[in-house]
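Data first, discussion second: the structure below is written as structure tokens.
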Amino acid sequence: MATAKKKATPRAAAQAKDAIAMLKADHKKVSGLFEQFEKSRAASTKKKLVSEICKELTVHTMLEEEIFYPAVKAALRDRELVPEANVEHATVKDLIAQVKDVAPGGEEYDAKVKVMSEYVKHHVKEEQNEMFPKSQKTTLDMAALGRRMAERKAELLAAGEV
């Protein structure tokens with residue numbers, strides 16, 4: 001695991017961190033958004049929070065699936081952690097599709113966001129307790145992965161694809 005200083009493109013420089021630090025920061029941000037949602041009563045606030053949650057999770061899952069997971073899978077010769085994470089992502093993506101552009105209202109809406117929150121918490125726990133520690137023991141260059149992920153994140157957000 002390299003500890004060399006990171007050089008990032010100006011566009012991604014503000015967000016460039018090692019891959020795991022970047023993913024953990026995303027986890028923390030989304031967790032906070034879910035907490036705000038649970039405390040919220042106003043439909044307009046809920047809609048805004050769900051929009052932000054969906055955007056953050058969509059970008060996060062894309063970064064993991066496109067960059068982080070393939071590197072981890074190869075480095076660990078993994079046949080369990082990454083496939084399980086991908087299945088969890090599929091469930092979260094399905095829930096995102098069910099709430100993303102829907103007006104808040106009713107028990108089903110809040111229940112779907114609550115279940116999404118629970119899935120994400122479970123997923124984060126597995127990544128942070130199993131996948132991240134195992135991947136840190138490999139020769140993966142987490143700084144280089146972080147730069148690639150920061151650049152891709154900037155591209156996704158600039159293109160408005162999410």
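Quick notes on this structure:
- For ILE67, the conditions (1) surrounded by fewer than 18 Cβ atoms within 10 Å (Cβ to Cβ); (2) out of contact with any Ser or Thr (no Cβ under 9 Å at 6 or more places or on another chain) are fulfilled apart from (1).
- When THR58 is tested against (1) of a type in the set (Val, Ile, Thr); (2) out of contact with any helix residue (DSSP H, G or I) (no Cβ under 6 Å at 6 or more places or on another chain); (3) at pLDDT below 95, only condition (3) is not met.
- Matching entry among ALA42, ALA16 (being in contact with an Asp or Glu (Cβ under 9 Å, 6 or more places away or on another chain), on the phi < 0 side of the Ramachandran plot and at pLDDT below 95): ALA16
- Matching option when the condition is modelled with pLDDT under 95 and either within 21 Å of MET22 (Cα to Cα) or in a helix (DSSP H, G or I) (or both), among GLU108, GLU64, GLU130, GLU118: GLU108
- Candidate set: the range 86-142, residues that are polar (S, T, N, Q) and closer than 14 Å to CYS54 by Cα; chosen: the one surrounded by the most Cβ atoms within 10 Å (Cβ to Cβ): SER117
- For GLU35, the criteria (1) of a type in the set (D, E, K, R); (2) surrounded by fewer than 18 Cβ atoms within 10 Å (Cβ to Cβ); (3) touching a residue at least 12 places away in the same chain (Cβ under 8 Å) hold in every case but one, which is (3).
- When the range 70-105 is filtered for residues that are assigned to a helix (DSSP H, G or I), out of contact with any helix residue (DSSP H, G or I) (no Cβ under 9 Å at 6 or more places or on another chain) and not aliphatic (A, V, I, L, M), only ASP94 remains.
The values are calculated or read from the model by the stated rules, or taken from the named source; none is laboratory data. Quantities reported herein were computed from a predicted structural model and do not represent experimental measurements. Here Cβ is always computed from backbone atoms with ideal geometry, including for glycine, and neighbour counts include all displayed protein chains.
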